[in-house]
1. Work out from phi, with θ = phi - 60° and the Karplus expression 6.51 cos²θ - 1.76 cosθ + 1.60, the ³J(HN,Hα) of each residue of the range 56-68, listed in order in whole Hz, and give x for Gly and Pro.
2. What is the gain in length, in nm to one decimal, between Asn82 and Ser6 on full extension, counting 0.36 nm per residue of separation less the C-alpha to C-alpha distance?
3. If you place +1 on the Cβ of every Lys and Arg and -1 on the Cβ of every Asp and Glu, how big does the dipole about the Cα centre of the chain come out, in debye to the nearest 20?
4. Note the per residue figure in Å³ for the convex hull of the C-alpha positions in the chain.
5. Run through all the Cα pairs of the range 1-42 and give the fraction in each 5 Å bin from 0, expressed as whole percent.
6. Placing +1 on the Cβ of each Lys and Arg and -1 on the Cβ of each Asp and Glu in the chain, which of Ile5, Leu47, Ile59 has its Cα farthest towards the positive end of the resulting dipole?
7. At 0.36 nm per residue, minus the direct Cα-Cα distance, what do Asp20 and Lys62 gain on full extension? Give it in nm, one decimal, please.
8. Mind computing the radius of gyration and Dmax over the alpha-carbon atoms of the range 36-85? Å is fine for both.
Amino acid sequence: MEQLISELKEKIIETLDLIDVKPSDFKEDEPLVGGPLGIDSIDILELAMMIDRDYGIKIDNKELGQKVFVSLRTLAEHIQKNRNR
């Protein structure tokens, strides 16, 4: 799980072009949306596309997105749980 979280930190920085953000700036349990990194709903759409492309997991409705994108940890848990289906 920790390896996936580290990987997601790098992918989020790259996908959202967060120039001044380092992986160490992410706290696994802080809110992703509206948290200290300034990620908003448009960014979440980009992250959903990256997750579909890189992990083959679709997050295709608002209700699921609200559960999955609570924090970095909830995102990693969702990917790990659904990756091997």
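The values are calculated or read from the model by the stated rules, or taken from the named source; none is laboratory data. Just so you know, these numbers come straight off a predicted model, no measurement behind them. We place every Cβ from the backbone using ideal geometry, glycine too, and count neighbours over all the protein chains shown. When the accessible area is computed, the model is the full protein with side chains, heavy atoms only, and any ligands, DNA or RNA have been set aside. Shrake-Rupley method; radii C 1.70, N 1.55, O 1.52, S 1.80 Å.
1. Per-residue couplings from phi come out as x, 10, 8, 10, 10, 8, 4, 4, 5, x, 5, 7, 6 Hz.
2. 25.6 nm
3. 420 debye
4. Cα convex hull per residue, to the nearest whole number: 85 Å³.
5. 5, 23, 35, 27, 8, 1
6. Of Ile5, Leu47, Ile59, it is Ile59.
7. Between Asp20 and Lys62, full extension yields an extra 12.2 nm.
8. 10.4, 33
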